[in-house]
1. Can you name the residue in the stretch 140-157 that is surrounded by 14 or more Cβ atoms within 10 Å (Cβ to Cβ) and over 17 Å from residue 77 (Cα atoms) and is also modelled with the lowest pLDDT among such residues?
2. Could you list, in sequence order, all residues of the stretch 102-132 that are touching a helix residue (DSSP H, G or I) at 6+ places or on another chain (Cβ under 7 Å) and farther than 15 Å from residue 53 by Cβ?
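The values are calculated or read from the model by the stated rules, or taken from the named source; none is laboratory data. Just so you know, these numbers come straight off a predicted model, no measurement behind them. Counting neighbours? That spans all protein chains shown, and the Cβs are built from the backbone with ideal geometry, glycine included.
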C-alpha cells in the first residue's frame, strides 16, 4: 500500500528497525547503528527506494508492518539485482508473506530490465535457504566474493513478453 512520503518514511524505519532487532544475525547492518541514524538519512533511503529503476523496497503492511524486501541494482553488473533486507515477522512466517514479497521483487525486476536476482544467505539459516530453493533459486558457482559463512543463491528473471517477440518473427 503506497503511503504519503512521511508515512512511508516512518513505516520503512519502523519495519527495518523491527527486522534488525528481531533477526540480528540475518543482516550485515546492526540495530544499534540503525537506531541512531538521522531522520534525513531514513527519508533519503526511503525516497531512493521508491523512485527510479535502480532500487526498490517493498513492505507488507497488515495493520502493522510484517514484511520487508529490497532489490538494489549491482553497480558492477547492472542486469543483476541483489535481494537485501528480506524479512518477515515471526508470526507471519510459513504463510504467504515471503512469497508475496518475492513475487513483487521479481515483477519489479522484470519491469526494470534485470536478468538475475542474487541473495546472500548465512549458511546457518537453513529455513531461508530452503525457501529460496523452493522458489527456484540455485547455488551460484561464484562464491569467491562472499564470506565462508554464507551462500550465494541466484535466480533468473523472466522477461514478460520476451517469448511473444520470438513467436512473431
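1. That would be 150.
2. Kept after step one, since they are touching a helix residue (DSSP H, G or I) at 6+ places or on another chain (Cβ under 7 Å), are these residues of the stretch 102-132: 117, 119, 121-122, 125, 131.
119, 121, 122, 125, 131, listed by residue number.
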